[in-house]
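The values are calculated or read from the model by the stated rules, or taken from the named source; none is laboratory data. Note that the structure is a prediction, hence the values are computed from the model and not measured. Glycine gets a Cβ as well: all are built from the backbone with ideal geometry, and neighbour counts include every protein chain shown.
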């Protein structure tokens, strides 16, 4: 991976991690388009670059994360995190195989887009306007929705958890913010596990050069994610999911069409 590849993928990660359009899917497709070879380091990069976006949530919502008088928030996040943690460990190898498979990612992007086009019509009259009113049961069910995205890369963790929140009567804004909060333990867990596995199984990946690539990617992802989160909350509250759904359907259809007609995605970047 070159520095240019690192910068582009970091920008893509920062823009898409908290939008319901699948950051993993976009990075897999962009990687294929740029001709980046799928290997152990690129998989490690895609898993670890999410660390910067974790920090963006903590910085933006630091008052909530460091208000230790409200420890109930941590309990809810732990409860919501448990299903994905268990399934993530069980299916990690299979998930790694699916990441970077354009036909799979494009398919989940397409069908996930169809879902988003109609989702605003399904959940009306919300009653929960903040995470403080989210019960432990609500949190666990939202966590079950997150499992879908963990097992099927390209579905979008953000989309799955926000829809799960709306199904539990959260407003769009409250569902989005709880999804952001839940991203912290979820992505942090994936970050730590991937580094631990690399340390034990492929320590040669953790060279000075590679660590520098990861640091640059996380820094750029952090900055871009802060901007994306602020814009997304305002847009989602006012407009809903439909535009994101159309975007996913169009992108997914284009990629699937190229694959069906035998177009080499990496050749398009040359």
query: Out of all the residues in segment 191-213, is one or more closer than 17 Å to residue 19 by Cα and in contact with a helix residue (DSSP H, G or I) (Cβ under 9 Å, 6 or more places away or on another chain)?
result: no
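Can you find a residue in segment 179-191 that is in a helix (DSSP H, G or I) and either without any contact (Cβ under 8 Å) to a residue 60 or more places away in the chain or loosely packed, with under 14 Cβ neighbours inside 10 Å (or both)?
There is no residue in segment 179-191 that is in a helix (DSSP H, G or I) and either without any contact (Cβ under 8 Å) to a residue 60 or more places away in the chain or loosely packed, with under 14 Cβ neighbours inside 10 Å (or both).
Say we look at segment 216-242 and pick out the residues that are more than 23 Å from residue 52 (Cβ to Cβ) and out of contact with any helix residue (DSSP H, G or I) (no Cβ under 8 Å at 6 or more places or on another chain); which of these is surrounded by the fewest Cβ atoms within 10 Å (Cβ to Cβ)?
For segment 216-242, the residue satisfying everything is 238.
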- prompt: If you scan segment 118-148, which residues turn out to be without any contact (Cβ under 8 Å) to a residue 60 or more places away in the chain and part of a loop (DSSP other than H, G, I, E, B)?
  reply: 121, 122, 123, 124, 125, 126, 127, 129, 130, 134, 135
Residue satisfying condition, being surrounded by 23 or more Cβ atoms within 10 Å (Cβ to Cβ) and at pLDDT 85 or above, within set 142, 128: 142
- line: Expected single match for in contact (Cβ under 8 Å) with a residue 12 or more places away in the chain, surrounded by 24 or more Cβ atoms within 10 Å (Cβ to Cβ) and under 19 Å from residue 19 (Cα atoms) among 172, 157 is 157
task: Six or more apart or on different chains, Cβ under 7 Å: which pairs go from a residue in segment 85-113 that's under 17 Å from residue 248 (Cβ atoms) to one that's at pLDDT below 60 and surrounded by 15 or more Cβ atoms within 10 Å (Cβ to Cβ)? Could you list them?
output: 102/265; 104/98
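Among the residues of segment 198-215 satisfying the criterion of being buried (at least 16 other Cβ atoms within 10 Å of the Cβ) and under 22 Å from the mean Cα position of the chain (by Cα), which is nearest to residue 239 (Cα to Cα)?
214
Condition check ((1) at pLDDT below 80; (2) under 22 Å from residue 146 (Cβ atoms); (3) under 19 Å from the mean Cα position of the chain (by Cα)) across all residues:
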{"residue": "185", "(1), (2), (3)": "no, yes, yes"}
{"residue": "219", "(1), (2), (3)": "no, no, yes"}
{"residue": "242", "(1), (2), (3)": "no, no, yes"}
{"residue": "257", "(1), (2), (3)": "no, no, no"}
